1. What number of residues within the stretch B:180-198 satisfy the criterion of being part of a helix (DSSP H, G or I), out of contact with any Leu (no Cβ under 6 Å at 6 or more places or on another chain) and surrounded by 16 or more Cβ atoms within 10 Å (Cβ to Cβ)?
2. Looking for whichever is assigned to a helix (DSSP H, G or I), under 19 Å from the mean Cα position of the chain (by Cα) and modelled with pLDDT of 95 or more here; the options are A:Val149, A:Val114. Which one fits?
3. Within the stretch A:250-281, which residues are assigned to a loop (DSSP other than H, G, I, E, B), facing chain B (nearest Cβ under 8 Å) and within 30 Å of A:Asp304 (Cα to Cα)?
4. From the list A:Val66, A:Val52, A:Val3, which one is in contact with a Cys (Cβ under 6 Å, 6 or more places away or on another chain) and not small (Gly, Ala, Ser)?
5. With B:Phe388, B:Phe364 as the choices, which residue is touching a Pro at 6+ places or on another chain (Cβ under 8 Å) and crowded, with 17+ Cβ neighbours inside 10 Å?
6. Among (1) surrounded by fewer than 21 Cβ atoms within 10 Å (Cβ to Cβ); (2) part of a helix (DSSP H, G or I); (3) at the interface with chain B (Cβ under 10 Å from one of its Cβ atoms), there is one condition A:Ala109 misses while meeting the rest; what is its number?
7. Restricting the search to the stretch B:188-238, which residues are among the hydrophobic types (A, V, I, L, M, F, W, C) and over 14 Å from B:Phe175 (Cα atoms)?
8. Could you tell me which residue of the stretch B:287-306 is nearest to B:Ala109 (Cα to Cα), considering only residues that are within 11 Å of chain A (Cβ to nearest Cβ) and at pLDDT 95 or above?
2 protein chains.
Amino acid sequence: MEVSEKMYKLGTKRSAIRELFEFGKRKAAEIGKENVYDFSIGNPSIPAPDCVNEEIKRILTEEDPVAVHGYTSAQGDEATRKAIADYLNKKYETEFTPDNFYMTCGAAASLTIVFHSIVCSNEDEIMTAAPFFPEYKVFVEGTGAKLVVVDADKKNFEIDLKKSEELINEHTKAFIINSPNNPSGVVYSEDTIKALAELLDRKQKEYDHTIYLVTDEPYREIVYDGVEVPFVTKYYANTIVTYSYSKSLSLPGERIGWILVPDEVKDSKAVYAAVCGAGRTLGYVCAPSLMQKMLVKCVGQTGDVNEYKKNRDLLYNELKEIGYNLRKPEGAFYMFMEAPNGDSDEFSKRAMTENLLLVDADSFGCPGYVRISYCVDHDMIKRSLPAFKRLYDSYR
Amino acid sequence: MEVSEKMYKLGTKRSAIRELFEFGKRKAAEIGKENVYDFSIGNPSIPAPDCVNEEIKRILTEEDPVAVHGYTSAQGDEATRKAIADYLNKKYETEFTPDNFYMTCGAAASLTIVFHSIVCSNEDEIMTAAPFFPEYKVFVEGTGAKLVVVDADKKNFEIDLKKSEELINEHTKAFIINSPNNPSGVVYSEDTIKALAELLDRKQKEYDHTIYLVTDEPYREIVYDGVEVPFVTKYYANTIVTYSYSKSLSLPGERIGWILVPDEVKDSKAVYAAVCGAGRTLGYVCAPSLMQKMLVKCVGQTGDVNEYKKNRDLLYNELKEIGYNLRKPEGAFYMFMEAPNGDSDEFSKRAMTENLLLVDADSFGCPGYVRISYCVDHDMIKRSLPAFKRLYDSYR
């Protein structure tokens, strides 16, 4: 092979989700789209709030056309970073400045840039807790470092701190958490965050080097029943926050997000400089300018999250009633369900015979479970219920 | 240092262009913006063609709001890739299909993705010819490979093929060319492209492995007096084209471009797969979706290039008249001028005393010359001419 074998493999290996997607397309052609129940894709199903398109049109009509589409500074438009700082400061009583933020082309960019900025050697390890977003492995390994996974706490899908402690060692560079969680829908509790902060702080003293807590929180605003997502910078000084507007503003294709390096981070100016350097090396010149300018007005808004709540409530109640073992998610738009016989690979395949597309959570580091994305048409959920019932009954 | 030293350095080192920019800002505050003649920045000064904003507004008004801002496939929207293939096929009599294209977040992304996809070892070398865009070094070194620079051919700023041949060795993985060229404004002639193709073909046979010719051509449509830019895939089979709409559509902030892997490339499917894998590893999920959708209608359009031509003609004729030694650029929006005493560092500093901001071409691998960006207000050029005259006279 004359190209990079590593890149070739990453470019050819089909994900389980992709396989399901292709199956769904074939089936839809065969038996009609309305008879395929696709719970596999984690794309927002509600439109962006009106503010987004209205503001884009206003900018295109009223503002200097050369500046609108021009380069912003590499860190991002000053007005955009100020709007974000102001919003967070008001909501969380923090004291961020525009200079704490670096605008990015979405969550994946935020994560790759942070990992490239903090990894110093191939011996470095970055930890996460199962279940976790599978691309973490790709992004971490892209830096030469190793992703170390803490097994899932299957009781309540918080972070297993005892197992975490066993795995932390002198090579541990960072711990990455994702809350509200994809795929479990869990919002890590304040107690969990406090205990994790205590553990990391103890360990960074023991090893005499910084352990960063990287939080990946594109689902922050997608929560139900008034659940509060703890703002992690308030619990642990060496926290780096990564964010994206893909889910909150329903803009996954527009690639717009940010990295927050608070002043409390040790040598925060050096960390921020390394973030700038990593962005440059990876080819991120600036975040899309029109979207940055739109944010000045639309920061803090969301699509109609109540639509997801309606889906969650219907699906959770009905599946529980049928007899499935699953937990009620507090956030994001995923439900995590145990395979009735414990074999999630077999279960997701058997589900396909009922035209139900459920993702085996093996790739999320949690075999035995499936992920059900309920960012779907409400009527599709209704239509799918008899299929879920037949599927369950087939195990009795 | 607890962060990556390499990334920290890249994030803190100020470029010569940035220094000039800061100087210009200070001076403008002091003596008025109209008295500072800033020829340092390579940003389009003409607005995007009307089609762009009109089409964006139409899409936002008429199309499904969830799909408009939704993820496209990693390769990019099928309709967009088809529009690009159709346009090139018609213009250059090629036979590309949508599957030859991979949409990216602009030229820098195109280049980093290509470099990461083809580099297999830290011994790999990627060559370019001076003068060259300085970020090539950052992007190539980000893969672990080495950038090898062929000294400039100062007679006509084509590629010095004799020196190129001396530098090609068993580690040479690719040769990257940029035409129309930043900073020289040269469009490499068909003879040069043919001779380079012949050289690379001979060398890849000699070393029995592929040498890719990577072309970076964001300035392709910005040419004057009917000059033709040879389409390199027609001259050399193992050509990978990288492109961006930053210059042709005046959209540098929007981050939209593509990579073209023609079928003629050896093992083209594997190369394309490696491109997909590299995009994934670097955190590029998809190119901005709204901009992709806009392109279906606007591919092949440009801003009013005649504005640049007017600037070029005025500035070239006047500087020549004053006595400077410079070449008339056929493309892009840069002019390359010799420092009267041969010391471009001293010359660009002395120019600052006349409030003329000219970039020392040392960082472009070509000391002794300065780059003059004429993507500026036409009246600023007129106002600057006495300063250019005094500067020249100071060397007599």
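1. Residues flagged as part of a helix (DSSP H, G or I), out of contact with any Leu (no Cβ under 6 Å at 6 or more places or on another chain) and surrounded by 16 or more Cβ atoms within 10 Å (Cβ to Cβ) within the stretch B:180-198 amount to 4.
2. A:Val114
3. Restricting attention to the stretch A:250-281, the residues satisfying the condition of being assigned to a loop (DSSP other than H, G, I, E, B) are A:250-251, A:255-256, A:261-267.
This time we only want the ones that are facing chain B (nearest Cβ under 8 Å), so: A:250-251, A:255, A:266-267.
Within the stretch A:250-281, A:Ser250, A:Leu251, A:Arg255 qualify.
4. A:Val52
5. B:Phe364
6. Result: A:Ala109 fails condition (1) only.
7. Narrowing the stretch B:188-238 to residues among the hydrophobic types (A, V, I, L, M, F, W, C): B:193, B:195-197, B:199-200, B:211, B:213-214, B:222-223, B:227, B:229, B:231-232, B:237.
Across the stretch B:188-238, the qualifying residues are B:Ile222, B:Val223, B:Val227, B:Val229, B:Phe231.
8. Selected residue: B:Ala287.
The values are calculated or read from the model by the stated rules, or taken from the named source; none is laboratory data. Just so you know, these numbers come straight off a predicted model, no measurement behind them. Cβ: placed from backbone, ideal geometry, glycine included. Neighbour counts: every protein chain shown.
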